[in-house]
Structure formats: C-alpha cells, structure tokens
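Let me begin by presenting the structure, written as structure tokens, before commenting on it.
The values are calculated or read from the model by the stated rules, or taken from the named source; none is laboratory data. No experiment lies behind these values; they were computed from the predicted model shown. Cβ sites come from the backbone with ideal geometry, for glycine too, and all protein chains shown count toward neighbours. Side chains are part of the model used for accessible areas, which takes the heavy atoms of the whole protein and leaves out ligands, DNA and RNA. Shrake-Rupley method; radii C 1.70, N 1.55, O 1.52, S 1.80 Å.
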Amino acid sequence: MPKAVSIMHMSTRVLLVVLLSVFLFPFGTVDTQRAYATSGSMNIDDAQAAFNSSEEALTYAKERLKSITDDFDQLSSEIDQLQSQIDELSVQVLDAQQAMLDGRTSLSNTVIQDYRNGSTSALLSVLLGSSDWIDFTRNMDYVGNIIDYQTEEIATQKELKDQFTKSSEKLTVQKNEQEAKLQELNQKREEASSVVDQAAAELQENSQELENLRKQASSFIWKGKEGTPYVDPNANTTNRDPVVSDNQPVVPDTGGNNNNNNGNNGGTSSNQGWKTGIASAYGGSSDPNTPNPGTTSNGSVCNDYSTGVAIPLAWGDAEWARLKGRTVEIKYNGMTVYGTVNDRGGMGGGSRVLDLQPGIFKAFGYNTCMAWGLRTVSYRFL
C-alpha cells in the first residue's frame, strides 16, 4: 500500500476513535463522571445530615423541656405546700410574739411599780410590824402571795418566750426548706434556657417551634400567690414625711447576723432569701408627721403598739400586691422580730427598704422613732 494511503487510513482511525469517545462519553471520562456523581451525592448527603441534625436537636429539646416541666410542676407543688405551712406558722409566731411583748410590758410595769413603791422595804415593814405570832403568820402568807405572783409572772414570761422561740425555729426550718426548693427551681429554669440555646445553635434559622421552646423555658418561675395592688381609700399614713433625714448616719448591724448578705435594696439576692437594707421608723406618738392612730395602705391601724412594716412606693404596685399582708422576718443586733407588710411610703425614694412601726422598733429595745433612726437590718419575706 502506498505510504500516503497508509497515513490517511491511520488518520481516519484516529478520528473515529475521537468521535466514538465524544459520542460514548459526552460528559468526560469515566473518572470525571464519577467525580461529578460523587460531588452531587456529597451535597445531598450534607443537606440531609443538616436536616436530620436540626430535627434531632428540636426533638431532644422538646423531650428535655418536657422532663424539666414535670420537675418544675413537682417543685412548684411542694413550694406551694410549704408556703401554706409558712403562712400558718407565721400567724402562730406573730401571736406568740405579741403575747411575749405584752408579758414583757406587764413584767416591766410590775418591776417599775415595785421600785417606785419600795415594795421590798414595805413588805419587810409589814412583817416587822406584826403584833403577835398569829399576825406574823398572816402577814407571811400575804407577803408569800405577792412573791408567788411576781415569780409566776417571771415564769409566765419565760414560758411565753420559749413558745415564741419554738414557733420561730419551726418557721425558720420551713422557710429554709422552701428557699432551697426555690433555688432548685431557678436551676431548672437555667437548664431549660441552656437546652433551648443548644437547639438554636444546631438550627440554620429561627422557627416558630424554637420560639415556642424559648417561651416555655422562660415560664419556669414560681409566681406564688397573686395579689391586687389595692390601697385603702382612707389611708392617711402613706404620704408622710420621714422622721429622720437621709443625712443621718446609718447605724450598722453589729449583732452577728451572719446571713452572707450584700447590698441595701429589695432586689439584692443572698443566702436563703435573706437581704440587707436600711430600716427607718415611723408612726405612734413619737412621729410628728404621721396621724396617731393612723390608717395604713391596707386599712390596718398604725399606733404606738402596731407591728406593721411599710415598703417603698418605688418598688411599684406589682411588688405591693405580692408582699401586702406577708410576714417579714427582721434581724438586728442578734434579735429577731416579725412584722406584717401593711403600708407603703416614700422612704427616700427607695433608699430605705423597710419602715418599722412602733411595735417593731420597741421590740428591738428602742422607745422612739428618733432613737431607732436609720439602721442596717437583715430581712426576708415569708
């Protein structure tokens, strides 16, 4: 075969091979096709994996929130039961405290009367003035009865104090248990928020389901009893001027109340619900700016013997509705006194957390509003 023809035939074969290659593999070589196919499959798999991850995250969050909800409901029920017990014990403590304070006043009056009348020397004179043995015996019986009466008064006062102490201790145990459960409740809320945050991190975008989970997590708060911000229309102690100015030095509490407290306002958290703050005094005959007797914001009487407590107007109506009628436990100088929230006042725009009526500051050993002045106390609402 001529050389030219041979070259032509070879060129034809090469061309046919190229054409067949293009026809049979229009999208490139087998390796190229496999690369395209693998790439497409990976994109689909990644999208599916992301979808599955989001669904799993939502499913897990829903299951965890359901479990947390069950725990929250159980804790709330236990806290409610404890609050009912605390309310009952608070009444007992307030009654025991009042009986103890009345007994203290009676015993004090007896001692003062004995001192003024010189009872010891008078009784001795009665005995020495006996005319005969029969008269002496009669006078001894008389003196003995007086001494027995005084001894009984002292014993009764001791019994009243013991009863108050026992009731107070029971109340403290119940309140501490409730505070511990409230801390558990707060931990459940934090756990719920963490679960939702983790779910949100797995999702590409926010969804209505995620928003619902957020609302559910934020609802884990014990609300307690709901009240109303009602104020008695006859109240005349609310808009009062303070007995002492804010410029007066605040006397610190040096009585060893170790509650690990911080701050001086109603929003300061501390150990077992305790807070610290400045307490002032008002009401009764030593307050020139408040009617005596006066009518408090909830309609109670404010006078020289009342054991009510006022909170700042600055705390707002919602806080007044929540705390009105609640018992407040107050510690100062190593002593504990209980009062009832029944009034509101300016109180330095909220720089003072409690305003104490005479029955309270007298129980701490101070006779007038000025004598009490401004003092740092520890307190918690029961």
Exercise. If you take just the strands (runs of 3 or more DSSP E) that sit entirely in the stretch 303-382, which of them hold at least 3 residues that are of a type in the set (A, V, I, L, M, F, W, C), crowded, with 18+ Cβ neighbours inside 10 Å and in contact with a Leu (Cβ under 8 Å, 6 or more places away or on another chain)?
Worked result: 308-312
Seminar exercise, completed: Just one listed residue, out of Gly263, Gly277, Gly299, Gly284, is modelled with pLDDT under 90 and either open to solvent by less than 60 Å² (accessible area, probe 1.4 Å) or assigned to a loop (DSSP other than H, G, I, E, B) (or both), and it is Gly263
Problem set entry | Candidate set: the stretch 236-255, residues that are under 28 Å from Pro293 (Cα atoms) and among the charged types (D, E, K, R); chosen: the one surrounded by the fewest Cβ atoms within 10 Å (Cβ to Cβ) | Asp241
For this session: Tell me which residues, restricted to the stretch 50-84, are open to solvent by less than 80 Å² (accessible area, probe 1.4 Å) and either in contact with a His (Cβ under 7 Å, 6 or more places away or on another chain) or closer than 18 Å to Arg326 by Cβ (or both).
Result: Ile79, Asp80, Leu82, Gln83, Ser84
Exercise. Of the residues Gly308, Gly350, which single one is more than 18 Å from Met370 (Cβ to Cβ) and modelled with pLDDT of 95 or more?
Worked result: Gly308
Seminar exercise, completed: Of (1) buried (at least 17 other Cβ atoms within 10 Å of the Cβ); (2) under 23 Å from the mean Cα position of the chain (by Cα); (3) among the small types (Gly, Ala, Ser), Gly224 satisfies every one except (1)
Seminar exercise, completed: Selection over the stretch 183-209 where residues are open to solvent by less than 90 Å² (accessible area, probe 1.4 Å), at pLDDT 85 or above and not small (Gly, Ala, Ser) yields a count of 8
